[in-house]
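The structure appears right after this line, and notes come after that.
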Amino acid sequence: MRTRLSLELPAWLVTELPAMPTQLGTAGERMALVNALADRNYREGNGGPFAALVADRATGEIISVGVNVVLQSGIASAHAEVMALSLAQVETGSWDLGADRDRELELVVNWRPCVMCYGSAMWSGIRHLVVAGSGPELERLTGFDEGPMRDDWAEQFEARGITVTQGVGRDEALAVFRGYGEAETLVYNARSGDGVVLPGA
């Protein structure tokens, strides 16, 4: 029986990190990086067209980046948000990304988190969530099942002191999803009623 597991960023992203900006001053700039990473990620075959980063909202310092590595790792929970949040927690040395009350950390994601990442983000300690969008377009364009999300998902974050900003880089995110849906890709864990894995939408 296995007693440990390991998750890591894909080799192409590790290679890119030294040249990547360490500070991006606006939410739009941070989302532009997320959208670019999401587009590259599925083309490299690591997982879905999803990326995320954790940044210091005040200074723009990039604490961590993450991409979906489900296909690379064989671990269904290895979503972009989980990767970015976990790496930020390792970087800061704390499971609570809100422990330093003088430092407001935000999670930037190229769409509203899925039902799994919704909980991960909520309990991570982040103070802010920035998403490109939250409508049904993601599922329609990609074929992914994002799970039974609450209609008041954003209000639930706000009720816990986590501000939510939507619509940042939305058109660019949709272009990435559209490209993914038109490509010959495996839509993993997106199943019809008879359990057949669906092809890209």
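The values are calculated or read from the model by the stated rules, or taken from the named source; none is laboratory data. Please read these numbers as outputs of a predicted model, since none were measured by experiment. A quick note on method: Cβ atoms are made from the backbone with ideal geometry, for glycine too, and the neighbour counts reach across all protein chains shown. Just the protein is used for accessible areas: all its heavy atoms, side chains included, with ligands, DNA and RNA removed. Shrake-Rupley method; radii C 1.70, N 1.55, O 1.52, S 1.80 Å.
Please name all residue pairs, on different chains or six or more residues apart, with Cβ atoms under 7 Å, provided the first residue is in segment 68-95 and is farther than 14 Å from residue 107 by Cα and the second residue is open to solvent by 40 Å² or more (accessible area, probe 1.4 Å) and in a helix (DSSP H, G or I). Cβ pairs passing all conditions: 77/116; 95/89. Where helices (runs of 4 or more DSSP H) sit wholly within segment 93-190, those with at least 1 residues that are more than 14 Å from the chain's Cα centre (by Cα) occupy 137-142, 153-159, 170-182.
Would you confirm whether any residue within segment 96-112 is in contact (Cβ under 8 Å) with a residue 24 or more places away in the chain, over 22 Å from residue 31 (Cα atoms) and out of contact with any Asp or Glu (no Cβ under 7 Å at 6 or more places or on another chain)? Yes, segment 96-112 has at least one match. Of the residues making up segment 120-140, those that are open to solvent by 10 Å² or more (accessible area, probe 1.4 Å) and either among the basic types (Lys, Arg) or within 16 Å of residue 54 (Cα to Cα) (or both) are 120, 122, 123, 125, 127, 128, 140.
Residue count for segment 112-138 under the criterion of being in contact with a Gly (Cβ under 6 Å, 6 or more places away or on another chain) and closer than 18 Å to residue 32 by Cβ: the result is 1. Would you say residue 33 is touching a strand residue (DSSP E or B) at 6+ places or on another chain (Cβ under 9 Å), farther than 20 Å from residue 116 by Cα, touching a residue at least 12 places away in the same chain (Cβ under 8 Å) and assigned to a helix (DSSP H, G or I)? When the stated conditions are applied, residue 33 passes them. For segment 182-196, the criterion of being among the hydroxyl-bearing types (Ser, Thr, Tyr) and either open to solvent by less than 20 Å² (accessible area, probe 1.4 Å) or modelled with pLDDT of 95 or more (or both) is satisfied by no residue at all. Just name the residue that is least open to solvent (accessible area, probe 1.4 Å) out of those in segment 141-174 that are closer than 18 Å to residue 39 by Cβ and not small (Gly, Ala, Ser). So the residue we want is 142. Summed over segment 1-30, the residues that are open to solvent by 40 Å² or more (accessible area, probe 1.4 Å), without any contact (Cβ under 8 Å) to a residue 40 or more places away in the chain and part of a helix (DSSP H, G or I) give a count of 7.
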